[in-house]
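**Q** Mind looking over this structure? Questions follow.
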Amino acid sequence: MAREQFGICAEPNLHGFYLLFNVLDDKNTYIRTALSRLPALFDDYADQFSEANLTTVIAIGANYWDEFYPKARPASLKTFPEMHNDDSIAPSSNVDIYIEIRSDRFDVNHIVSSKVCQLLADSVELVEQVQAFRFLDGRDLTGFVDGTENPQGMHRREVALVKTEDDALFSRGSYLHIQRYQHNLTLWRSLKEKEQEDIFGRTKVDNIEYESEKKPLTAHTKRTSLKDEQGNSIEILRQSMPYGDMKQQGLFFVSYCQSPEPFEIMLKSMIFGDEHGHVDHLLKYTQAETGAAFFAPSLTFLTETLPDQA
Ligand code: HEM
C-alpha cells in the first residue's frame, strides 16, 4: 500500500514557507533524482528538530507533468481552471514545482527552504516564495476563523487522497490547487461587523454558523458548501495560511482533494454564482493574483517508482 506525503493531511502549523519553481530546459533528469531524494532529507530534518512538527509536500505542476514523468499521468490531472466574471477573476499562472514546508518554528522552515533552494539551484528558477503564518486562533486576516468546516480525523484522508481503485499507480496522491489572494483590508475594515459576518455566513468572534435560512445566497459559506446530484457533500481539504507584510496581505489558499473537480465546482460557484447570479461577496474584498494546479504523488511513487523509471 502506497504511503502519502504526510503534509497533505497534517494539522495546521504556526509557520509556512511555500516555494514555487520552474525547471530550466534539459534539467528534467536532475530534477527527478533530486525530488526522489528530498523526502529522506525532510525526514532527517524532522528528526533533528522533532519538536518543530515539520511537515512537507512536493507537488508537480499539471503542465510540467508530461516532461517530468512521460510514462504515465495521474488520470484527472489538468491545468488550472482560469475563470473571470466582471471584477471576479481567478487567473492561472502555471508553475512546474511546488514545495510546501510547514512547521512550528520559523527558523526551521528557513533552514529547510534554504537547503531545498541550494539543492535545486542550477536546475530551476524560483518563481515565488511566500512565508505564511498562523494568525491568532487560526483566523484569516479578515478576522474570521478559517478551516472550521474542514474534514476531520480519518475523513481528511478520504477527501484528500486518491483511492487505489481509481488510479493504482497514483493512489494516495492528491490533486492540489493554490491561489494567492491579496486582501483589500482597508475596504474590509470599512464594513460593520454584521456586514462582514453576512459575507461569511458565520459570526466573527465566536465563529458560529448562521442558520441556513439566515445565510445570504452571496455568503462565502453558501457558495462553497455544495452537494452533488445524489445529495452528497462536495468536499476539499483546505490547508490555507495567511501571509503578508505592511504593504500587502492576504491568504495563500491551498486545497487538496482526491479529484480536481470539487475545487473547480466551488470556484465556479464563487465566481459565477447560482442560476440567479448570486456571486460570492467575499471576492469584493480579496482578489486572486495567482492560481496553479499540481499533483502531489505518494511518498512511495517519489522514492521508489520515480528513481526506478528515471
Ligand atoms: C481569500 C480567499 C478565502 C478566504 C479568506 C476564505 C475564508 C473562509 C472562511 C473564514 C470560512 C469559514 C470557516 C470554515 O469553515 O473554514 C471558509 C469556508 C469555506 N471555504 Fe473559504 N476562503 C477563501 C477562499 C476559498 C476558495 C477559493 C474555496 C474553494 C474554491 C473555499 C472553500 C471553502 C469551503 C469548502 C468552506 C466550508 C464551507 C462550509 O461547509 O461551511 N474558500 N472560507
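**Q** Could you tell me which of the pairs Lys214/Lys268; Lys192/Lys247; Lys204/Lys268; Lys192/Lys215; Lys227/Lys268 are separated by over 21 angstrom between their Cα atoms in the structure shown?
**A** Lys214/Lys268; Lys192/Lys247; Lys204/Lys268
**Q** As a footprinting exposure proxy, order Ile178, Ile89 by other Cβ within 10 Å, with the fewest listed first.
**A** Fewest-to-most Cβ neighbours within 10 Å comes out as Ile89, Ile178.
**Q** Can you sort Leu35, Leu41 from fewest to most other Cβ atoms within 10 Å of each residue's own Cβ?
**A** In order of increasing Cβ crowding within 10 Å: Leu41, Leu35.
**Q** Take the alpha-carbon centre of the stretch 113-134, take the same for the stretch 240-310, and report the distance between them in whole Å.
**A** Taking the Cα centre of each part, the stretch 113-134 and the stretch 240-310 sit 19 Å apart.
**Q** Bin all alpha-carbon pair distances of the stretch 15-309 at 10 Å intervals from 0 and give each bin's fraction as a whole percent.
**A** P(r) for the stretch 15-309, in whole percents per bin: 6, 27, 36, 22, 8, 1.
**Q** Can you tell me the length gained on complete extension of the stretch Gln230 to Arg189, counting 0.36 nm per residue apart and subtracting the Cα distance?
**A** Taking Gln230 through Arg189 to full extension adds about 10.8 nm, to one decimal.
**Q** Oh, and also: Mind checking the dipole of the stretch 18-64: about its Cα centre, +1 per Lys or Arg Cβ, -1 per Asp or Glu Cβ, Debye to the nearest 20?
**A** 220 debye
**Q** Find the relative contact order for the stretch 15-309 and round it to a whole percent, using C-alpha pairs within less than 8 Å whose residues are 6+ positions apart.
**A** Reported relative contact order: 28 percent.
**Q** Could you give the length gained on full extension between Asp66 and Met246, defined as 0.36 nm per residue of separation minus the Cα-Cα distance, in nm?
**A** Using 0.36 nm per residue and subtracting the Cα-Cα distance, I get 60.8 nm.
**Q** Further, regarding this structure: How big is the dipole moment of the chain about its Cα centre under a simple scheme where the beta carbon of each Lys and Arg is +1, that of each Asp and Glu is -1, and everything else is neutral? Debye, nearest 20, please.
**A** 320 debye
**Q** Mind checking which lysines have their C-alpha under 28 Å from Lys27, skipping anything on the same chain fewer than 8 residues away?
**A** Lys71, Lys78, Lys115
**Q** So between Asp87 and Asp104, what do we pick up on full extension, going 0.36 nm a residue minus the alpha carbon distance?
**A** 2.4 nm
**Q** Still on this model: Which order do Tyr256, Tyr45 fall in if you start with the one that has the fewest other Cβ atoms within 10 Å?
**A** Tyr45, Tyr256
Read-outs: derived from the displayed coordinates by stated rules, not from any lab. Quantities reported herein were computed from a predicted structural model and do not represent experimental measurements. Because the Cβ atoms are built from the backbone with ideal geometry, glycine has one as well, and the counts that use them run over all protein chains shown.
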